[in-house]
1. Skipping prolines and chain starts, which residues have an amide H placed within reach, meaning under 5 Å, of the one on Gly186, given they are 5 or more residues away or on another chain?
2. Could you calculate the contour length gain from Phe139 to Gln87, that is, 0.36 nm times the residue separation minus the distance between their Cα atoms, to one decimal place in nm?
3. Take the alpha-carbon centre of segment 286-307, take the same for segment 50-69, and report the distance between them in whole Å.
4. Going by Cα centres, segment 142-186 and segment 194-243 are how many Å apart?
5. Non-local amide H neighbours of Ile407 (under 5 Å, H modeled in plane, Pro and chain starts lacking H): which ones?
6. Run through segment 554-657 and list the trypsin sites (Lys or Arg not before Pro) located in a DSSP loop whose Cβ has at most 10 other Cβ atoms within 10 Å.
7. Work the Kirkwood hydrodynamic radius out for segment 239-353: mean of 1/r over every pair of different alpha-carbon atoms, inverted, in Å.
8. Positive end of the dipole of the chain, charges at C-beta (+1 Lys, Arg; -1 Asp, Glu), about the Cα centre: which of Gln505, Leu247, His284 has its Cα farthest in that direction?
Amino acid sequence: MVLLFLCAMHSRGYAESPTSQTAQDKTAPAASAVQVKLGESSTRLGGPWKFHTGDDLAWARPDFDDSSWDAMDLTVAPGTEGAGWTQRGYPGYAGFAWYRLQVDVQGATHRLALKMPDQADDAYQVYVNGQLIGDFGKFYGKRVTAYNSLPEGFPFPKGVANGTIAIAIRMWMDSATRFNSPDAGGLHGPPMLGYATHVNDLVRLDYDDMAHYLGSVYLEVLILSMALLMAAALFWLDRQEQAYLWLALVCTVTLLYNAIMLSVNVVAWLGQTPAVVLTDVVLHPARIGLWVLFWGYWFRMARIRRLHQVVWPLVALLMVGTAMLRPPLYGLVVPVHYAGFLTPTLLVVKLGLGVLMFLVAYRGFATQKTEGWMAATAVVLGIVSNFTSELRLIHVPTMFVVYGFVIQLGTVATVVSLLIITVMQQRRFIMAQVLKEQWKMEIQQAQEVQQLLIPHQLPEVTGITIDSEYRPAREVGGDFFQILPLETPGTVLIVVGDVTGKGMQAGMLVALIVGAIRGAVLHSTDPAQILREVNEQLCERQHAIATCLILRIDPDGTGIIANAGQLAPYLNGAEIEMEGAFPIGIVPDGDFSIASFDLHQGDSLFLMSDGVVEATDPHGALFGFERIGELLRQKASSEDIAKAAQAFGQEDDILVVQVRRNLQATTVPG
């Protein structure tokens, strides 16, 4: 009596449904067994099975009386799909339920095994004569972790072959599963009983069919991996091209998505709910957003930050909305009827991202026509790959069977688009490298020209000391200066200027100006006349503009200046007043600003480029004329001024030339 009481208490602790029977019923007569005579193949156990909701491990015992349970025939009619218990009289039920069947096996000559149906919601344990022979899912008491359905077969215990065999299947379905499928619940078809070797062959055939179904996905993973490696390598070699980085992110997210989808269809390692959350809620919306941003970077959108501000809120909204329609929220936290407005809302958000991708591409085509139809094809295929479920809504076929392999339209679109993009990015990388080499060559040539035009060793002029400090902002600057001693001792021409443009073009323009000045000096030493001749030559060439100042100092210290757009010189710390004038190369027969001065013994004259005044600190403040005046009052040298401007925040070339008239010793008559 005590033993029976303990057994009853034990079985009550496992019961979940108020209709659960207990182990006390085991004394009742058992139901009649299904006759099974095995030949060389397997047989489907359609039943009728005994079915009962709730949970009690005592129901696995072979002598348990299930005569009061409902009968459920699991036979699937040809051409139809099996239905779960929600379509067999138990709508809305979730949790534990049991199937039981007594079979009378005759003629078995080898070890038996049971093959479970391919579709079952969601996890189960299989018992034979009260002994657990296998499970699918992780059972921790009343807590269960379910996985995506996989082909499974379980061998019977040794010695269990002929005679009456009690098969009990303990099922568990997540409460959210019934909201995702109208026919959810338990077994969707009959298990198969047969010899273990034959059952193993059937399981292998199911996995082979699965491989045919997923074959195109394996190809997609291969192409994605190659595209990821290519994009990562190109970004490593060219960090300035951000499109390579964003393509690598697209490939990474898509690879994670496919890896999860493949793995849950091959091995039970990730539960159903985490897999759904990762694929549907996180990775799929993120992939769409990354595709939009990739094309924005590919077409070098000017307002890429604005694109980020539009894309990521839409992606976040799509993630949140999708999470509300997926387990574990849907049906438990989010009422089922909310799907009536959540589904169309999410469709609008997702289509909005698709429209945004199209608009980005359209603007890119309008501004950059180099890729042409290749880029257009890749964009269209990218949209198709991300919107296959929406295409099914309008009855566009998205699945094809070719030689027994299932080909997904989304997979084909992804593979072809990535192949096109790979060709495009290789083309862009090669062109960028060619341009980079050309640019390096131009810089080298311009540096060679500049070395000839920027004197490193200044010529000596009788009675005058000249110092210079030149600091280009880039490899090749646009500033230039020349010191040209004339035939009369103590007479010198000083030229300071700045040309438009950079690189080889600027270097060639400087060479032209210096050559024109040297040619003009052969027949005139008047600064104004020299400027006029140089101006005529530049105007004839067009698009050749430069600021230029030419001054001449005579042996007695008198000087004359002709200025075309340069900063006025400073004499003893004070700026020489000069009217403004256009740079040379703009207006033929233009007038230039003319001024004269006297450079007495001990006087100092400074000439500077606008790079000194326009030096800018991190807060946007200019170096300005006041700082120049303060430095001149402190008797700063050309090097001091250039160093101060550069430290303040160099933006352009810095050139400072200082001219001092030497003191001459006075001879006292003896």
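The values are calculated or read from the model by the stated rules, or taken from the named source; none is laboratory data. For clarity, every value in this text was computed on a predicted model and none was experimentally measured. Cβ: placed from backbone, ideal geometry, glycine included. Neighbour counts: every protein chain shown. The accessibility values were calculated without ligands, DNA or RNA, using every heavy atom of the protein model including side chains. Shrake-Rupley method; radii C 1.70, N 1.55, O 1.52, S 1.80 Å.
1. Long-range HN contacts for Gly186: Trp85, Asp121, Asp122.
2. Length difference between fully extended and current span is 16.2 nm.
3. 60 Å
4. Cα centroid of segment 142-186 versus Cα centroid of segment 194-243: 29 Å apart.
5. Amide H to amide H, under 5 Å and 5 or more residues apart or across chains, Ile407 pairs with Phe400, Val401, Val402.
6. Qualifying residues, ordered by number: Lys635.
7. Kirkwood radius, segment 239-353: 15.5 Å.
8. Positive-most Cα among the choices belongs to His284.
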